[in-house]
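The values are calculated or read from the model by the stated rules, or taken from the named source; none is laboratory data. On a predicted model such as this, the values are computed, not experimentally measured, just so you know. Here the Cβ positions follow ideal geometry from the backbone for every residue, glycine too, while neighbour counts run over all protein chains shown. For accessibility, only protein heavy atoms count, side chains too; no ligands or nucleic acids. Shrake-Rupley method; radii C 1.70, N 1.55, O 1.52, S 1.80 Å.
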Amino acid sequence: MRAVFDSTWQLLSERERTVLPALSVFRASFTREAAEAVAGAGLRDLMSLANKTWLQPVSSAGGSSRFQMHELLRQYAEEKLRAGGEAETAANDRYARYYAALWAENGPRLESAAQKEALALLTREYLHGHAAWTWLVARGELEWLADRMLRPFVRFALMHSLIFEVGDLVRQALDACRRAAGCHLRVRISLLVAVSALRYPPSDPSAIMDEAHRLVEDLAEPERELGIWYPLLLNWRPYRDPDNPRRLWRLAEGDDTDGRASLAAHLTGAALLAESRDRTGLEESVEWLRRAAAGYLRRGDRWAYAGVIEDLSLGEFRLGNRDSALALVDEAQAIYESLADWHHANMLRQGRATTLLYDGRPDLVLKTLEGFVAYSRERGDRLMETFSLGFLSLQAVRFGDLDETRRMRERALALTRELGYSDNESWNLWELGEVHRVAGSTVEARRYYDEARALFDAQGNRFGLAYYERGLGDLALMAGDAAAAARRFSAARDLMADYPNEEWSLAYVLTGLARALAGSDRLDEAPAALAAAIVPIAGNHTPIDMETLVVAAAAEMALAGGRAQLGATLCALLAAHPLTWNETRARVAALVARARQGLGDDTTAAAEARGRLLDLHALIAGLAALPPVEAGPWLDAVARLVDNLPAGHSLA
């Protein structure tokens, strides 16, 4: 084969022997404009090389002329380039700078009314962008890269769900910046925020953003120097800087030339939505989100607009505007599909499932998420299938068939390992442990929890370690060792202190701690733990199924405190409620049996009749208003609350 290549090489003109080696830097098809910029090859040169079979013209969806070199021929030409000494470095420099400039030129278009066309163009040139990025990192051209490629690359990754590939690239640049003595702080901070924005799995977002916040103190003008990364930095709520919301608001009121004001308004609205406990807060969050939506529409950035109205739909739903919320979801889905962003279009099924959960329809939640899985498989998207199986099994372990749930989670784990997604592997192992625990296979549950812990340790994932302690706390409760459970849940609570936004997870742990305290000789401490769990729930911030866990814990506390009638009443509410988890239902049945032993059938029946009429939301709101006093006075207050609650429906 080499002899054939050598003889064919000899037939090339002197100019063709100069041009062809430089073209070997293209590892995918390329345009004639790129060939001219990188190799100085004009159309006549390209056609001549094509006629001599060194190049192949290829069709392009974009309509432009493109050429490609067979890989064996490219390797041969690359050997010639390397023999040319500095010519190889020069050709790769021109190549990298050409594509960096192309990404920089199309970055603003990617966030404008021309985003569909820009997305198509950058999709065709993605492999070249990838190679250019790698070359620039190797050459230490980090400032060039950060100024020209970082923002469009991150946006492209988010629109095309390339968080792993692009996350690897950004992390490589960040590591190079950390090693390089001359890497500007602005560049390092931008890369740190970009890693966080991509939610790059192998990275701990807390550590990443804490590093960014420490460094930003040394920037003279962070708002000017960081550009679009500045509002994302301010939005990192775990940093707990009380001035950050004010700074975000000021950005949202400012110039929107680069989309910074719209982004700041979006982040402000999303933060308020997450933290709102009352209607006033929800209405304020909706106003900020509407401002962001209007700003993105003015810029023609329909993809970002779709992201805003996803959040806006949740705000509208929580305000009671269900039809408006669903219309916004439909609008967002249509936009994503028009941009061929199938990942986000499919993820909206998760949003619909959340809506159905609020409606108290777990059966439809499962059907919707089954559609999520089917759609992922239909498109052959294994990453999306992994996520969709995860979402489905999370709900199926609560409301579905456990054998089927176990198979789903095993499939998700296998896919995760095939994809090399180590972060998700640890969580799938933990969730498999959870499935086995709920099924009563405590030995298998502990084995999977321990496997997950090993990965959490290796990753430095304190949030994962908190879940490990949570799992062992639940196992201890199942074994009847309330004291050990209290230690485990306390450890989980302490680990979660670094993650104040993970309110659902913290509420679960605090509920478990209250149960453990009630089951030991520390019943008087249980009301404080349960009160802390209720705080985020009372504002209807977390999904309604968390409310049933809190009421189940209160029922256990009632029985532990000798209030069997109160316990039976609360259990009846749970038995009638569609969002009570299957696992909780089994516990409720055991609690009712205990209550009946002390009360007798008639009194128990009367208590249950009363419980079936209680309004769950009203009960949670009432519990949130109770001071966390000692168990006796607290249970008396709960009994009075229950007696005075109006009859109603458990669902809004």
Extension reserve of the Glu211-Glu33 stretch, reckoned as 0.36 nm per residue once the Cα distance is removed: 59.9 nm
Estimated FRET transfer efficiency when R0 is 56 angstrom, pair Asp363-Glu14 (beta carbons, to 0.05): 0.15
Accessible area (Å², per residue) of the chain, counting only protein heavy atoms and a probe of 1.4 Å: 42
Principal-axis tilt of helix 442-459 within the chain, Cα atoms, nearest 10 degrees: 40
DSSP-assigned coil residues among GluC sites (Glu not before Pro) in the stretch 549-612, each with at most 11 further Cβ atoms within 10 Å: none
Cα-based shape type of the stretch 431-503, given that a ≥ b ≥ c are square roots of the gyration tensor eigenvalues and the cut on a/c is 1.5: oblate
Rounded to 10°, Cα long-axis angle of helix 163-179 versus longest principal axis of the chain: 80
Calculated FRET efficiency for the pair Glu223/Ala618, C-beta based, R₀ 35 Å, to 0.05: 0.15
Using alpha-carbon coordinates, inclination of helix 482-495 to the longest axis of the chain, degrees: 40
Size of electric dipole in the chain: Cβ of Lys, Arg +1 and of Asp, Glu -1, about Cα centre, debye, nearest 20: 920
Alpha carbon centroid spacing (whole Å) that separates the stretch 2-41 from the stretch 83-102: 14
Mean projected area (nm²) of the alpha-carbon convex hull when the stretch 416-573 is viewed from all directions: 9.7
Principal axis box of the stretch 364-434, alpha-carbon based, largest edge first, Å: 32, 30, 15
Inter-label distance for Arg411 and Glu630, nm, one decimal - labels placed 7 Å from Cα along Cα-to-Cβ: 5.5
Peptides 108-117, 566-575 ordered by average Cβ neighbours within 10 Å, highest first: 566-575, 108-117
Nearest-20 debye value, the stretch 527-652 charge dipole, Cβ charges on Lys, Arg, Asp, Glu: 120
Within straight-line cross-link reach of Lys52, aspartates and glutamates at Cα separation under 17 Å, skipping those fewer than 8 residues along the same chain: Asp6, Glu14, Glu16, Glu71
Selection from Asn501, Ala114, Pro242, by position along the positive dipole direction of the chain (Cβ): Ala114
Listed residues Asp602, Asp498 arranged by accessible area, highest first, probe 1.4 Å: Asp602, Asp498
Positive-end extreme of charge dipole, the chain - chosen from Thr89, Leu413, Leu72 (charges on Cβ): Leu72
The stretch 338-394 versus the stretch 447-467: alpha-carbon centroid distance in Å: 26
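Once you list every other residue whose beta carbon is under 12 Å from the beta carbon of Arg522, what net charge do they have if Lys and Arg are +1 and Asp and Glu are -1?
Taking every Cβ under 12 Å from that of Arg522, the sum is -2.
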Hydrodynamic radius of the chain per Kirkwood, over alpha carbon pairs, in Å: 27.8
Estimated FRET transfer efficiency (Arg199, Glu287; beta-carbon r; R0 35 Å; 0.05): 0.85
Highest to lowest packing among 461-467, 323-329, scored as the average C-beta count within 10 Å: 461-467, 323-329
The stretch 1-131 - charge dipole about Cα centre, Lys and Arg +1 at Cβ, Asp and Glu -1, debye rounded to 20: 240
Burial ranking of peptide ranges 525-533, 90-98, 371-379 (average Cβ count within 10 Å, highest at the top): 525-533, 90-98, 371-379
Where only C-alpha atoms are counted, convex hull volume of the stretch 561-601 per residue in Å³: 63
The stretch 15-74 shape via C-alpha gyration tensor axes, a/c threshold 1.5: rounded
Positive-end extreme of charge dipole, the chain - chosen from Ala492, Ala292, Ala476 (charges on Cβ): Ala292
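Calculate, in nm to one decimal, what Leu127 and Asn51 gain on full extension: separation in residues at 0.36 nm each, minus their alpha carbon distance.
Stretched out fully, the Leu127 to Asn51 stretch lengthens by 24.8 nm.
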